[in-house]
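Below you'll find the structure, written out as structure tokens, and then a few comments.
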Amino acid sequence: MRLPDDATPYKIDDGEWYVVGDAMDVLAEYHGEAAAVFLDDAWARPGRVQQSGLAYDLHPFDEGHVADGDDVDDTLTTVELIDACRAALVDGGWLVADADDWLAPRIVEYLRTRWGDTPATPDGGGFEKLGGVTYLTEDGRPDRGTHGEHLTTGGYTVVFTHDGPTERHTDISARQVATWPERTYGRGGRAKPIGPYEAWIDGLVDDGELILVPCAGTAPAAIAARRVFGDDARYICVDVEEAAYEAFRERYAEEFSEGPASPPETDFEGERN
Ligand SMILES: C[S@@+](CC[C@H](N)C(=O)[O-])C[C@H]1O[C@@H](n2cnc3c(N)ncnc32)[C@H](O)[C@@H]1O
């Protein structure tokens with residue numbers, strides 16, 4: 001097993017990597033290895049004009065949902081990514097996927113059909129819970145700054161699914177609150193908060209277990225893993241764009257006083273096991 005030739009791995013710390021490359025290619029290298037995958041996909045809604053200021057391409061949900069726009073890359077779909085995430089999970093591992101009001105019902109339907117429907121069959125695997133993040137203002141009210149004239153969402157939905165029956169139990173809430181990060185780190189659109197992922201990782205993952213963060217951007221889940229496990233954190237972020245790694249570096253340095261190791265590291269193989 002190895003990284004595809006055109007991927008560039010950057011070492012953040014022992015066991016912590018940010019790979020600039022295609023998420024599908026990297027996920028394929030980690031068959032059955034990840035305790036959890038945190039996915040914030042670059043999905044496109046049909047008919048959506050790309051949100052102004054976004055610095056990356058979007059792709060359609062599946063072949064039945066044609067998405068238009070100059071910045072839509074239809075060589076990859078969200079469901080293909082979801083399937084690749086599943087293949088990378090250990091038995092009973094968790095997929096934690098960010099969604100919006102368009103994506104959430106479609107992704108849940110896909111997961112219920114393909115992975116299973118645990119509210120209906122509690123001993124099995126599959127879609128487990130709809131959770132999410134509610135952004136609060138300083139006075140503790142739901143933040144109304146998110147888009148929408150027919151009610152605002154004040155945060156986003158998160159879909160929790162496990163591959164097969166799981167012994168990874170937790171009473172951590174699938175619904176978390178956070179303040180909405182102001183910064184975009186040059187990526188367009190505000191980054192996701194770290195705190196909710198910290199809570200979910202604390203509940204679902206043990207120290208030393210592998211966490212994968214495809215479509216990572218500034219990778220709040222990876223920073224959360226570092227917060228929870230310190231030197232025992234083990235994650236691999238993947239983003240197709242070098243600028244995403246630069247954004248992650250900036251966020252990582254902001255979070256921890258020392259930044260990640262700087263030069264590209266080529267000794268990736270030695271870190272595999
Ligand atoms: C919604 S953003 C993630 C934002 C992140 N949660 C944050 O808070 O910064 C989706 C990311 O997916 C990346 N992406 C799109 N297609 C990809 C692919 N095939 N492989 C890896 N990354 C991809 C984009 O470059 C973008 O950074």
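The values are calculated or read from the model by the stated rules, or taken from the named source; none is laboratory data. These numbers were taken from a predicted model, which means no experiment stands behind them. Virtual Cβ from ideal backbone geometry, glycine too; neighbours counted across all protein chains shown.
Which numbered condition trips up Ala243, out of (1) touching a strand residue (DSSP E or B) at 6+ places or on another chain (Cβ under 7 Å); (2) part of a helix (DSSP H, G or I); (3) surrounded by fewer than 21 Cβ atoms within 10 Å (Cβ to Cβ)?
(1)
Just checking, how many residues over the stretch 149-171 are in contact (Cβ under 8 Å) with a residue 12 or more places away in the chain and either in a loop (DSSP other than H, G, I, E, B) or in contact with an Asp or Glu (Cβ under 7 Å, 6 or more places away or on another chain) (or both)?
Pass one, the stretch 149-171, residues in contact (Cβ under 8 Å) with a residue 12 or more places away in the chain: 153-168, 170-171.
Retained after the next criterion (residues that are either in a loop (DSSP other than H, G, I, E, B) or in contact with an Asp or Glu (Cβ under 7 Å, 6 or more places away or on another chain) (or both)): 153-154, 156-158, 160-168, 170-171.
Total meeting the criteria: 16.
All but one of (1) in contact (Cβ under 8 Å) with a residue 40 or more places away in the chain; (2) more than 23 Å from Gly15 (Cβ to Cβ); (3) part of a loop (DSSP other than H, G, I, E, B) hold for Gly145; state the number of the condition that does not hold.
(1)
If Pro193 satisfies all but one of (1) closer than 17 Å to Leu95 by Cβ; (2) of a type outside the set (Ser, Thr, Tyr); (3) within 14 Å of the ligand (Cβ to nearest atom), what's the number of the condition it fails?
Result: Pro193 fails condition (1) only.
Within the stretch 77-108, count every residue that is part of a loop (DSSP other than H, G, I, E, B) and surrounded by fewer than 20 Cβ atoms within 10 Å (Cβ to Cβ). Let's see the steps before the verdict.
Applying the first criterion (part of a loop (DSSP other than H, G, I, E, B)) to the stretch 77-108 yields 77, 100-102.
Restricting the remaining residues to those that are surrounded by fewer than 20 Cβ atoms within 10 Å (Cβ to Cβ) gives 100-102.
Residues that pass the stated criteria total 3.
Which of the numbered conditions does Gly47 fail, given that it passes all the others? Conditions: (1) modelled with pLDDT of 95 or more; (2) out of contact with any helix residue (DSSP H, G or I) (no Cβ under 9 Å at 6 or more places or on another chain); (3) not in a strand (DSSP E or B); (4) not aliphatic (A, V, I, L, M).
Evaluating Gly47 over (1) modelled with pLDDT of 95 or more; (2) out of contact with any helix residue (DSSP H, G or I) (no Cβ under 9 Å at 6 or more places or on another chain); (3) not in a strand (DSSP E or B); (4) not aliphatic (A, V, I, L, M) leaves (1) as the failure.
Mind listing whichever residues of the stretch 197-215 are within 14 Å of the ligand (Cβ to nearest atom) and over 24 Å from Thr78 (Cα atoms)?
Glu198
Could you please find all residues in the stretch 1-10 being at pLDDT below 95 and touching a Pro at 6+ places or on another chain (Cβ under 7 Å)?
Scanning the stretch 1-10 gives a single hit, Leu3.
Every residue, every condition in (1) at pLDDT 85 or above; (2) near the ligand (Cβ under 9 Å from one of its atoms); (3) not charged (D, E, K, R), yes or no:
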| site | (1), (2), (3) |
| --- | --- |
| Ile12 | yes, no, yes |
| Glu29 | yes, no, no |
| Asp62 | yes, no, no |
| Asp74 | no, no, no |
| Thr78 | yes, no, yes |
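Check whether at least one residue in the stretch 216-223 is buried (at least 22 other Cβ atoms within 10 Å of the Cβ), within 11 Å of the ligand (Cβ to nearest atom), among the polar types (S, T, N, Q) and within 27 Å of Asp25 (Cα to Cα), and report yes or no.
Yes.
Inspect all residues belonging to the stretch 127-138 and state whether any of them is more than 13 Å from the ligand (Cβ to nearest atom), part of a helix (DSSP H, G or I) and at pLDDT 95 or above.
For the stretch 127-138, residues more than 13 Å from the ligand (Cβ to nearest atom), part of a helix (DSSP H, G or I) and at pLDDT 95 or above: absent.
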